[in-house]
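Working notes, beginning with the structure itself.
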Amino acid sequence: MPHTRTLAGWFTGEGDDFRLLGTRCPSCATVFFPREDVHCRNPHCDSDSLEEVPLSKNGRIWAYTDSRYRPPSPYVSNPELPWEPYALIAVELAAERIVVLGQAAPGVTVADLTVGMQVEVVPGVLHEDAETTWTTWHWRPTGVRA
């Protein structure tokens, strides 16, 4: 039976309940993604108390580009197959005041995107083989269903 592997502590939930997980410093209210578990990275705060928080599901495109090269590990691609570019999207989460980078959902290209467009985080597949599916997150324009 195939196994599913995730980046532990980076996201939670399935379907409409899927969320990225970050951490928040209760002293200064700074939010971090990826998560921070040791100390607040805000240089003006010396707190070492952090709490896990689900991040906003929606955001607006801050910037985007396409990937025209084979990325390094942990991304896996078959060097015997032609490389297929994919869109990378930097999304501003207004509530948290941070920008989170991620791949566009399959089928979404840079031609489909505009700065300021509303997107939502959805579960995605980083790589899969006969034994394991490695999961990640993707950004998808709001209202678009796969």
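Element breakdown for the range 24-146 at a 1.4 angstrom probe: carbon and sulfur atoms account for 53% of the accessible area.
Each residue of the range 9-24 was assigned a 3J(HN,Hα) from its phi angle through the Karplus curve 6.51 cos²θ - 1.76 cosθ + 1.60 (θ = phi - 60°); the sequence is x, 8, 7, 8, x, 9, x, 5, 8, 5, 9, 6, 10, x, 10, 10 Hz, with glycine and proline shown as x.
Grab the other residues whose beta carbon is less than 15 angstrom from that of VAL91, score K and R as +1, D and E as -1, and report the net. Overall, the nearby charge balance is +1. Length, then width, then depth: along the principal axes, the Cα atoms of the chain run 50, 38, 29 Å.
Other residues whose C-beta falls under 15 angstrom from the C-beta of ARG24 contribute a net charge of -2, scoring Lys and Arg +1 and Asp and Glu -1. Computed extension length for TRP83-THR109: 7.9 nm, one decimal, from 0.36 nm per residue of separation with the Cα-Cα distance subtracted. Normalised per residue, the accessible area of the range 1-101 is 68 Å², obtained with a 1.4 Å probe and no contribution from ligands, DNA or RNA. Skipping prolines and chain starts, which residues have an amide H placed within reach, meaning under 5 Å, of the one on HIS127, given they are 5 or more residues away or on another chain? Excluding prolines and chain starts, which carry no amide H, the hits are TRP134. Ranked by the mean number of other Cβ atoms within 10 Å of their residues, highest first, the peptides 20-26, 124-130 fall in the order 20-26, 124-130. Taking 7 Å steps out from each Cα toward its Cβ at GLN118 and ALA130 produces label points 4.5 nm apart. Working note: Karplus 6.51/-1.76/1.60 with θ = phi - 60° gives the range 82-92 the couplings x, 6, 10, x, 9, 8, 10, 10, 9, 10, 8 Hz, where Gly and Pro are set to x.
Legend: translational diffusion of the range 20-81 by Stokes-Einstein, Rh = Kirkwood radius over C-alpha pairs, 25 °C, 0.890 mPa s; D = 169 µm²/s.
Restricted to Cα atoms, the range 78-146 shows a radius of gyration and a Dmax of 13.5, 43 angstrom.
The values are calculated or read from the model by the stated rules, or taken from the named source; none is laboratory data. Just so it is clear, the model here is predicted, and its values are computed rather than measured. When we count neighbours, we look across all protein chains shown, and the Cβ atoms used for this are built from the backbone with ideal geometry, even at glycine. Keep in mind that these areas ignore ligands, DNA and RNA; they rest on the heavy atoms of the full protein, side chains included. Shrake-Rupley method; radii C 1.70, N 1.55, O 1.52, S 1.80 Å.
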